[in-house]
1. Mind listing just one residue for me: the one in segment 1-33 that is within 17 Å of the chain's Cα centre (by Cα), surrounded by 13 or more Cβ atoms within 10 Å (Cβ to Cβ) and of a type in the set (A, V, I, L, M, F, W, C) and, of those, farthest from residue 75 (Cα to Cα)?
2. Would you kindly identify the helices (runs of 4 or more DSSP H) lying entirely within segment 3-118 that contain at least 1 residues that are of a type in the set (Ser, Thr, Tyr) and touching a residue at least 60 places away in the same chain (Cβ under 8 Å)?
3. Does residue 71 meet the test of being at pLDDT 95 or above, within 17 Å of the chain's Cα centre (by Cα), surrounded by 15 or more Cβ atoms within 10 Å (Cβ to Cβ) and among the hydroxyl-bearing types (Ser, Thr, Tyr)?
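The values are calculated or read from the model by the stated rules, or taken from the named source; none is laboratory data. All figures in this text were calculated on a predicted structure; none of them were measured in a lab. FYI the Cβ positions are ideal-geometry reconstructions off the backbone, even for glycines, and counts take in every protein chain you see.
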Amino acid sequence: MKDIQDKVKKFNEERDWGKVLEIKDLLLNMNEEIGEFWNIIKWVDAEKQKEMIEKNKEEVANFIGDMQYLTLKIAAICDVDSEKETLKVLEEYEKRFPIDKVKKLKHGNVKAGGVDDK
């Protein structure tokens, strides 16, 4: 992940992109990308969502790439080690969402009867 973050940083530096003032625009761009994906799966049940994702696989894959790029660009601008922070979050999630409880309760929404040992 660090190698990819470094490539994203280099790509942006070569173009004089990646200034702190762009962060708000990058976040808006992420919302736009989410909206495009949402348009593929909105208002349908889980089974239809799977079908629509498969039918639009290239667009979904592009969404994942765009979001990863934008996240890594923000990480580079903020001088955050995305790999280190992702591993820290995963470690936190392992504590918050113990396997045995999650398998029993099926989700992490405490208000709806799920588990989150925050």
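1. Here the residue is 30.
2. The helices (runs of 4 or more DSSP H) meeting that bar are 57-77, 82-96.
3. yes
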